[in-house]
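Here the structure is laid out as structure tokens; the discussion comes afterwards.
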Amino acid sequence: MNLTARITGAAGISLIAVAALAHGGATGIVMERMDGMSAMAKVMKALAPMMQGTAAYDAAAVRAGAAQIADHAGEAMTTKFPEGTSGGASEAKPEIWQDWEDFAGLARQLEVFAEGLEAAADNGIGGMPAQGNMMGNSTMMGGQGMMGSGGMMGGQTPMMTAEHIAQMPADMAFAMVSQSCTACHSRFRAEDK
């Protein structure tokens, strides 16, 4: 099993578990953000079989799903986390507000990666990026590795842009979206809700 399939599978399981959780008593902004997270989880669940090669690839579905994720990411996500909205039905850890810069950076990173996936939809899965080899293309690499200096876990803006990601096979872009979700959940989402 290749790395993309393993990442996709692990993230898919994680996202399915998130979607399966009841919103148990959530109201207001907490319910709004849970609904947004559930919508993104449904998209990831629907796209994962295509990315794993176990379902027919549908570029239009990938484009639409990626756009939906992008619509819930970035500032659209961070505005759903006003301070003081943890506890109760919320799965948000207090670390969100203690490490706001990192949280907001991950939300923005998800938006960039989703926009890149949307643009990469016509590239299909597997193979090399549409224009050149990622490993040898210093423009795509930003001179500092695929994710740039911010990496998957940091709050810094990634060196990768949506335009860079658009040159990749869609399954690679999907793996980046998936990793971004996983990175944020591991730091900022309570597991026992």
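Since every read-out is calculated from the coordinates, none of them should be taken as a lab result. It should be emphasised that the depicted structure is a prediction, and the values quoted were computed from it without experimental measurement. Here the Cβ is made from the backbone with ideal geometry for all residues, glycine too, and neighbour counts use every protein chain on show.
Annotation: aspartates and glutamates with alpha-carbon distance below 19 angstrom to Lys93 (same-chain offsets under eight excluded): Glu32, Asp35, Glu75, Glu83, Glu101, Asp102, Glu191, Asp192. Region 87-110 and region 41-59 have their alpha-carbon centroids 27 Å apart. Highest mean packing first, where packing is the average number of other Cβ atoms within 10 Å per residue, the peptides 52-65, 165-178, 100-113 line up as 165-178, 100-113, 52-65.
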